[in-house]
Amino acid sequence: MPERPSLRLDDAGPGSRTPSPWPRNATFTPRGLEIAGVSAEELAARHGTPLLIVDENDLRARCRQVREVFSRVLYAVKAFTAQALLRVVAEEGLDLLVSSEGELEACTRAGIRGDRIWFHGNNKSDRELALAAERRVGAVIVDNVDEIERLTREATVQGIELPVLLRVLPEVEARTHPAIETGAKGSKFGTPLGDALEAVRAVRAATSLRFEGLHAHIGSQVLAAEPYLRTVDTLLDLLRDLRRDLGVTARILDIGGGFGVTYADETPLGLAELASTVLARVRAGAAERGLDAPQVVVEPGRSLVANTTITLYRTGARKHVAGSPTLLAIDGGMADNIRPMLYGARFTIAAAGPLMSEQTERVTLVGRHCESGDVLADDVTVPAHLAPGSLIAVASTGAYTYSMASTYNRVGRPAVVSVVAGRSRMWVRREDPADLDRLEVPPAGAIPQVQPPEGIAIRAARPQDAASFLRMWKAVVAEGVHVRTEQVRGTVRSYRRRFREPWSDREAWVVAVEGGRVVGNLHIQREEHPVTRHVATLGLAVDAAFRSRGIGAALLAEALRWAQRVGVEKVELSVFPTNAAAIALYRRFGFVDEGRLVKRSRKSYGYEDEILMARWIERD
Ligand code: LLP
């Protein structure tokens, strides 16, 4: 398309042109968009869409760049919390800023030590404060006086001296979208300036807390230096008062994050310029007030990740509606990127497939969700007459997209992959229906009473069932979808032998029979190890022509009765995530998800995950 954007990022430096919103290693070739040498088409074909693609080397470069100009940098993980991303950021020497137990857990699970994590938030729970103390976090950024007392308790329990910063409300307008202004008068964040002395006094009075400095965060997507300078002045004034009135010196001045980025045509300040202006103001301002210059800490989120990432979508339905440009629907929308709806955010968009036509048209890209406001981009230029299934790339989707994603309309969250030098790596798996089911709790209670359907008998297998069973089993296996087995090895003889003792303390072979024909079967077997003998595992199959009639349910009820009779306490099974009908049956019988074994089955057509489900059996 003629208006293909330039994909060179020419960041930094005063007077630079508007930086590119695309990742540094993204290029448009005649074959379409490539990121770090990997084509968008290939990634979409392999991982599906919507798909987030992170240019990992770009991320590393941005981390290094900010570290070069600010001596202490914390990444605000709320912007994008994929654990692989957290590891990259930590490898590049940045520390991490978290605002919840979940974010703290993500960092811990990513292998990051507590002392590299700072904890902030305007309403931390007791549990979060306890965890912060337990994990020996690098600092807690206290928001208000009430929190000080609770934090003191938790730090005392741990017998430590916990470093503390006080967040103040500097009453500075960041001049950004009102929803992400956080330092202006009336904001819910931080301690009002007038109460700051009292708060610091309380921190100093607690022997388990050590006062380290002041914190402010004025907002997000801030495009000018001036609000930061006013924040610095306010914080330095407060430091002067603290020294004068309480004799306190502070080591740290944390000015928060919020550095703006280019989404469409915004021109943010270059980082180097911002840093030199801010640091100069701190040095001069401290000297004027007779203070030692404190260490400046920054907490960028968006500016580290936003431009490193793109989202790929495929186009779908197209509509001509009177009074507006052509509507072109994509296979994602407000669930994976709520920012246009929440903040009126605008993104740069381009066709990502091979260049087919020089002609362009104006379209409005609408999402797939059930709300009229689900519009990703209003009136943008794309190649004319994009065929359904064409790839569209949206730039700068690394920050506050995945981390704010929902599963509205029960659409699973997208996959995230990273690309480096021609290779891609999965960072976060796509959320599938089995993941969406994970938290559902089925009705508890007794084993359901199930009547087998008319004409079907449910009973223990008999040796003479062997041939019929094997025919059915081979047919189910030949379908190639629902069961692990791809090659039936058992013979009529071997099954005849097994069916001689179909109902023991160790196992049960149950069949569903119509006339003399086996149309379904179930096998349940208990573990032999003394420590796991209370557990049994089951597998079941029903002939394709006999499904959806309640045969599976009747077999399952019989298996659970066996388990109850022989004293098995827990029944486990594994099922492919795609087998919705089976999962539904197990749920109805009180089975819950216990986990997922990734690529547990290697079938002839590729790997399949297995979902582990289980239910407990009540005593009679
Ligand atoms: N520090 C604190 C205390 C924060 O609250 C935040 C973000 C940051 C640092 C990082 O700010 P950043 O550098 O990423 O702008 N959902 C909104 C943004 C909310 C920002 C919340 N706080 C959006 O999509 O624009």
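Quick one: is Glu103 within 20 Å of Ser403 (Cβ to Cβ), more than 18 Å from the chain's Cα centre (by Cα) and in a helix (DSSP H, G or I)?
Against the criterion (within 20 Å of Ser403 (Cβ to Cβ), more than 18 Å from the chain's Cα centre (by Cα) and in a helix (DSSP H, G or I)), Glu103 does not qualify.
Quick check: is even one residue across segment 132-151 among the β-branched types (Val, Ile, Thr), part of a loop (DSSP other than H, G, I, E, B) and without any contact (Cβ under 8 Å) to a residue 40 or more places away in the chain?
yes
For segment 526-559, name all the residues that are touching a residue at least 12 places away in the same chain (Cβ under 8 Å), over 18 Å from Glu618 (Cα atoms) and touching a strand residue (DSSP E or B) at 6+ places or on another chain (Cβ under 7 Å).
Answer for segment 526-559, where residues must be touching a residue at least 12 places away in the same chain (Cβ under 8 Å), over 18 Å from Glu618 (Cα atoms) and touching a strand residue (DSSP E or B) at 6+ places or on another chain (Cβ under 7 Å): Gly539, Leu540, Ala541, Val542, Asp543, Phe546, Ile551, Gly552, Ala554, Leu555.
Would you point out the residue of segment 98-123, among those that are under 23 Å from Glu149 (Cβ atoms) and in contact with a Leu (Cβ under 8 Å, 6 or more places away or on another chain), that is nearest to the ligand (Cβ to nearest atom)?
Step by step, filter segment 98-123, then rank; the result is His120.
Among the candidates Glu618, Glu608, Glu572, single out the residue that is loosely packed, with under 15 Cβ neighbours inside 10 Å and acidic (Asp, Glu).
None of the other options fit; the residue is Glu618.
If I ask for residues that are more than 21 Å from Asn579 (Cα to Cα), open to solvent by 10 Å² or more (accessible area, probe 1.4 Å) and assigned to a strand (DSSP E or B), which ones from segment 513-534 would you list?
Selection gives Glu514, Arg517, Gln525, Arg526.
Could you please tell me which pairs satisfy a Cβ distance under 7 Å, a separation of 6+ or placement on different chains, a first residue in segment 207-235 that is more than 15 Å from Leu162 (Cα to Cα), and a second residue that is of a type in the set (Gly, Ala, Ser) and in a helix (DSSP H, G or I)?
Close Cβ pairs (under 7 Å, with a partner that is of a type in the set (Gly, Ala, Ser) and in a helix (DSSP H, G or I)) amount to Val232/Gly285; Asp233/Gly285.
Among the numbered criteria (1) assigned to a strand (DSSP E or B); (2) at pLDDT below 95; (3) touching a Lys or Arg at 6+ places or on another chain (Cβ under 9 Å), which single criterion is violated by Leu328?
Answer for Leu328: the failing condition is (2).
Hey, can you tell me all the residues within segment 412-430 that are part of a loop (DSSP other than H, G, I, E, B), open to solvent by 30 Å² or more (accessible area, probe 1.4 Å) and either within 16 Å of the ligand (Cβ to nearest atom) or on the phi < 0 side of the Ramachandran plot (or both)?
Arg413, Arg429, Arg430 - these are the residues of segment 412-430 that are part of a loop (DSSP other than H, G, I, E, B), open to solvent by 30 Å² or more (accessible area, probe 1.4 Å) and either within 16 Å of the ligand (Cβ to nearest atom) or on the phi < 0 side of the Ramachandran plot (or both).
May I ask you to verify whether Ala61 is open to solvent by 20 Å² or more (accessible area, probe 1.4 Å), at pLDDT 95 or above and either away from the ligand (no atom under 16 Å from the Cβ) or of a type in the set (Lys, Arg) (or both)?
yes
Against the definition (over 30 Å from Ala179 (Cα atoms), in a strand (DSSP E or B) and out of contact with any Leu (no Cβ under 7 Å at 6 or more places or on another chain)), how does Gly389 come out, yes or no?
In short, no.
Would you check which residues across segment 364-401 are within 16 Å of the ligand (Cβ to nearest atom) and among the hydroxyl-bearing types (Ser, Thr, Tyr) and list them?
Ser396, Thr397, Tyr400, Thr401
Could you identify the single residue in Trp562, Trp509, Trp473 that is of a type in the set (Phe, Trp, Tyr) and in a strand (DSSP E or B)?
Checking each option against the conditions leaves just Trp509.
Would segment 186-195 turn up any residue that is within 16 Å of the ligand (Cβ to nearest atom), under 34 Å from the mean Cα position of the chain (by Cα), free of Cβ contacts under 8 Å to residues at least 40 places away in the same chain and within 30 Å of Arg346 (Cα to Cα)?
yes
Return the residue satisfying two criteria in turn: it lies in segment 173-185 and is near the ligand (Cβ under 10 Å from one of its atoms) and farther than 19 Å from His215 by Cβ, and of such residues it is surrounded by the fewest Cβ atoms within 10 Å (Cβ to Cβ).
Across segment 173-185, the extreme among qualifying residues is Ala179.
Could you please find all residues in segment 336-373 being open to solvent by less than 30 Å² (accessible area, probe 1.4 Å), in a strand (DSSP E or B) and in contact (Cβ under 8 Å) with a residue 60 or more places away in the chain?
Scanning segment 336-373 gives Ala350, Ala351.
Could you tell me how many of the residues in segment 45-79 are among the aromatic types (Phe, Trp, Tyr) and in a helix (DSSP H, G or I)?
0
Every residue in segment 74-97 that is hydrophobic (A, V, I, L, M, F, W, C) and away from the ligand (no atom under 14 Å from the Cβ), please.
Answer for segment 74-97, where residues must be hydrophobic (A, V, I, L, M, F, W, C) and away from the ligand (no atom under 14 Å from the Cβ): Ala82, Ala84, Leu86, Val88, Ala90.
The values are calculated or read from the model by the stated rules, or taken from the named source; none is laboratory data. A quick note: this is a predicted structure, and the numbers were derived from the prediction, not measured. So basically every Cβ, Gly included, is an ideal-geometry build from the backbone, and we count neighbours across all protein chains shown. Side chains included, ligands, DNA and RNA excluded: accessible areas come from the protein's heavy atoms. Shrake-Rupley method; radii C 1.70, N 1.55, O 1.52, S 1.80 Å.
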